[in-house]
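Chemist: Sharing a structure, written as structure tokens. Questions coming.
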Amino acid sequence: MKKVAFIIGLLMTAGAVSAQTAPAVIPVVDTGDTAWMIVATALVLLMTIPGLALFYGGLVRRKNVLNVLMQCIIITAVISIEWMVCGYSLSFGSSHGVLAPFIGGFDWAFLNGIHIGDLSPYFISHSQPTADGGTIGTIPHIIFILFQCMFAVITPALIIGAFSERIKFKGFLVFTILWSLFIYNPIAHWVWSSDGWLFKLGALDFAGGTVVHINAGIAAIVTALMLGKRRDYQGHAIPPHNIPHVFIGAALLWFGWFGFNAGSGLAADGLAANAFLVTHIAAATAALTWALLDWFHGGKPTIVGICTGAVAGLVAITPAAGFVDLTGALIIGVAVSVICFLMVAFVKPKLGYDDALDAFGVHGIGGILGAILTGVLATPIVQSAYSGAAYGNWHQLGVQAIAVATTLAYSGVGTFLLFKLTDKLVGVRADVAEEAIGLDESQHGETAYTAFD
Amino acid sequence: MKRIEAIIRKSKFEEVKKALYEVDIDWFSYWDITGLGKSTEEQVVRGQVFQSNYIQRRMLSIVVRDVNVEKTVNAIMNTARTGDPGDGKIFVCDVEQSYRIRTGETGPEALYNKE
């Protein structure tokens, strides 16, 4: 996404541009695009609160559900502020010299110099010429900042699934802030900023497969390993405490994902429609595939299973949503459920690590698969400038592999160092009594389902 | 007066309830309980099939007059049985006193309606 491909962008969308006010010397806001992006932004917020919060909250035991809800909502609060203070500037701003491909500067700290009337410098399919001969987007800059803010919020929230039920709240909070600053912001800059080195290399990540899901997924496995298993972990999943919550959460994620993916074209156009289509069908295919695997392997199709499958499908289609067609969506949907099912049902118990809610198994593995399959299935039918190995462009597959590998390496090592640092500063592991009584009571002094009227 | 506590399979609850009504036991309390021991039942979570030792059962609690103990126990015994391990248990214990709050009646009289 955020292809500031000035020339390609213009070529691709000559039709769309001419549909706007023809002699547009002064660029204007496109009200259709803007209206859709405001809604899309709100939809992405819905994914974290309450979508992910309920999805994860239902999967933990009832003594830890409030802790998960609290983690989700405080991330929303803290990272939204961080984003305005410096996160947006570090991710999408510019810096000078040798650091330019790796991190933005502080020019836009506190949204300095950004005004109500400014248009987004980032665009994909809709753009317009400026008076001085440049090209600019069709939505207010502020909406782009907010849309990206919601992505910055949900990414650290995804990691929660790995260290649930055993992390100290203070440690969690310190780690999350450090991680957003030093891991999320640089990787967002690499992939989406016009200065970013992976962007320049041509890595395709329409809505955040690399930046959001692989990034959070690898951080998840690293923190799960460093924190150790829950003290009563028996080597298999602990049954969820509220499966209807899991269902509502998954349904809200599915719904919100239309903003996430169909909004990532930053316009209300055919590309958004295609992203909507493939997102929906990949989720449907993956949900059905997981249910069938469940049925075949465990004897019965489970609600937790079909919800997990839907989320896995949504994860995998994320980087591909602006590049693949219906066929691609069907292939990705089947593939991701098969791979993630194997990971969660067999590999995890075999290896014995405690990724409590399968943040790595679903988001990490699903994200990697999606990024790689984007390099295979990207079709010029959707965006003529991009194609994958299945259409003869093997180079794209190599670029995708580089993006995956460098993200895994940087985020993996960075997470290790930051988690270590957090442990030294404030401690990360809940003590025996805190963990046994549950994090709701030990960290927040509240219980979800009280014994009182 | 005796209190009869029975742990039964959830799947047998409706049959037991009907059998109790048939022998004129028309009121009892119940709640869902979890047993924890060395026996296990198969459970599947996210594709992982494993043996869980948390066993879900239902407990019935019925306070009856001495004359009714046998038919109550028999009603439960005959309907809750499948023959497989895990059918449950029945406990009978003495009740020292009982009171009906509305009328102040005490003893066995508090347990049934005379009219």
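Where a number appears in this text, it was derived from the coordinates with a stated rule and is not lab data. Quantities reported herein were computed from a predicted structural model and do not represent experimental measurements. Reconstructed Cβ throughout: ideal geometry from the backbone, glycine too, with neighbour counts over all protein chains shown.
Chemist: Largest first and in whole Å, what are the equivalent-ellipsoid semi-axes of the stretch B:2-111 based on the Cα gyration tensor, each being the root of 5 times an eigenvalue?
Modeler: For the stretch B:2-111, the semi-axes come out at 33, 15, 12 Å.
Chemist: Could I ask something else about it? Give me the distance in nm between label points sitting 7 Å out from Cα along the Cα-to-Cβ direction at A:LYS200 and A:TYR391, one decimal.
Modeler: Between A:LYS200 and A:TYR391, the simple spin-label model gives 2.6 nm.
Chemist: Sticking with this one: Please compute, over every Cα-Cα pair in the stretch A:246-391, the percentage with a separation greater than 28 angstrom. Mind dumping the intermediate values first?
Modeler: Numbers: 1788 of 10585 pairs.
For the stretch A:246-391, the share of Cα pairs beyond 28 Å comes to 17 percent.
Chemist: Between A:HIS297 and A:ALA131, take the C-beta separation as r, use R0 = 56 Å, and let me know the FRET efficiency to the nearest 0.05. If you can, show how the numbers build up before the last one.
Modeler: On the way: r = 62 Å, r/R0 = 1.11.
Taking R0 as 56 Å, the efficiency between A:HIS297 and A:ALA131 is 0.35.
Chemist: Kirkwood-based Rg over Rh for the protein assembly as shown (C-alpha set), two decimals?
Modeler: Radius of gyration relative to Kirkwood radius: 1.11.
Chemist: Given Cβ point charges of +1 (Lys, Arg) and -1 (Asp, Glu) and nothing else, what value in debye, to the nearest 20, does the dipole of the stretch A:6-444 about its Cα centre take?
Modeler: Here the size comes out at about 1060 debye.
Chemist: By how many nm would the segment from A:SER384 to A:ALA100 lengthen if fully extended, with 0.36 nm per residue of separation less the alpha-carbon distance?
Modeler: 99.4 nm
Chemist: Right, something else. When Cβ neighbours within 10 Å are restricted to other protein chains, what is their mean count per residue of peptide A:297-304?
Modeler: Taking all residues of A:297-304 together, the mean is 3.
Chemist: Between B:TYR21 and A:ILE73, how high is the FRET efficiency from 1/(1 + (r/R0)^6) when r is the Cβ-Cβ distance and R₀ = 60 Å? Nearest 0.05.
Modeler: 0.75
Chemist: Which of the pairs A:LYS200/A:LYS424; B:LYS12/B:LYS38; A:LYS168/B:LYS10 have their Cα atoms more than 31 Å apart in this structure? Could you put the intermediate results ahead of the total?
Modeler: On the way: A:LYS200/A:LYS424 38 Å; B:LYS12/B:LYS38 23 Å; A:LYS168/B:LYS10 39 Å.
As for pairs spanning more than 31 Å Cα to Cα, those are A:LYS200/A:LYS424; A:LYS168/B:LYS10.
Chemist: Something else now. Quick one: what Rg and Dmax do you get for the stretch A:226-324 from the alpha carbons, in Å?
Modeler: Just the Cα atoms of the stretch A:226-324 yield Rg and Dmax of 16.1, 51 Å.
Chemist: Could you check the spin-label model distance between B:PHE91 and A:ASP431? Points 7 Å from the Cα along Cα→Cβ, value in nm.
Modeler: 3.6 nm
Chemist: Additional query: Can you work out the base-10 log of I(q)/I(0) for the stretch B:66-115 at q = 0.20, 0.23, 0.25 1/Å, using the Debye formula on its C-alpha atoms alone?
Modeler: Here the Debye-derived log intensity ratios amount to -0.81, -0.91, -0.98.
Chemist: If I take all pairs of Cα atoms in the stretch A:52-186, what percentage of them are more than 26 Å from each other? Present the calculation step by step, with values, prior to reporting the outcome.
Modeler: On the way: 3145 of 9045 pairs.
Cα-Cα pairs in the stretch A:52-186 separated by more than 26 Å: 35 percent.
Chemist: Tell me what chain A gives for mean residue ellipticity at 222 nm when only DSSP H runs of n ≥ 4 count, each as -39,500 (n - 2.57), the sum divided by the residue total, rounded to 500 deg cm²/dmol.
Modeler: -18000 deg cm²/dmol
Chemist: Taking the stretch A:235-325, which chymotrypsin sites (Phe, Trp or Tyr not before Pro) meet the DSSP loop condition and have no more than 16 other C-beta atoms within 10 Å? Mind showing how you got there, number by number?
Modeler: Working: sites: A:PHE247, A:TRP254, A:PHE255, A:TRP257, A:PHE258, A:PHE260, A:PHE276, A:TRP290, A:TRP295, A:PHE296, A:PHE323; in loops: A:PHE323.
Listed in order of number, the matching sites amount to none.
Chemist: Once you average over the residues of B:45-57, how many Cβ atoms of partner chains fall within 10 Å of each Cβ?
Modeler: Values: counts 12, 23, 19, 10, 6, 5, 2, 4, 1, 1, 0, 0, 0.
Averaged over the peptide's residues, the number is 6.
Chemist: May I ask what percent, to the nearest 5, of DSSP beta bridges between residues of the protein assembly as shown are antiparallel?
Modeler: In the protein assembly as shown, DSSP labels about 100 percent of beta bridges as antiparallel.
Chemist: Nearest 500 deg cm²/dmol is fine: what mean residue ellipticity at 222 nm does chain B get from its DSSP H runs of n ≥ 4 alone, each adding -39,500 (n - 2.57), divided by its residue count?
Modeler: It comes out at -6000 deg cm²/dmol, rounded to the nearest 500.
Chemist: So which GluC sites (Glu not before Pro) in the stretch A:344-453 pass both tests, a DSSP loop state and at most 16 other Cβ atoms within 10 Å of the Cβ?
Modeler: A:GLU446
Chemist: What is the spin-label model distance, in nm, from B:LEU111 to A:PHE346 if the labels are put 7 Å beyond Cα along the C-beta direction?
Modeler: Placing both labels 7 Å along Cα→Cβ, they lie 5.9 nm apart.
Chemist: Pairs of alpha-carbon atoms within less than 8 angstrom and 6+ residues apart define the contacts here; what relative contact order does chain A have, in percent? Provide the component values of the computation, followed by the final result.
Modeler: Numbers: 949 pairs, mean separation 103.2, N = 453.
Worked out over chain A, it gives 23 percent.
Chemist: Subtracting the Cα-Cα distance from 0.36 nm times the residue separation, let me have the gained length for B:ARG100 to B:GLN56 in nm, one decimal.
Modeler: Contour length minus the Cα-Cα distance gives 12.6 nm.
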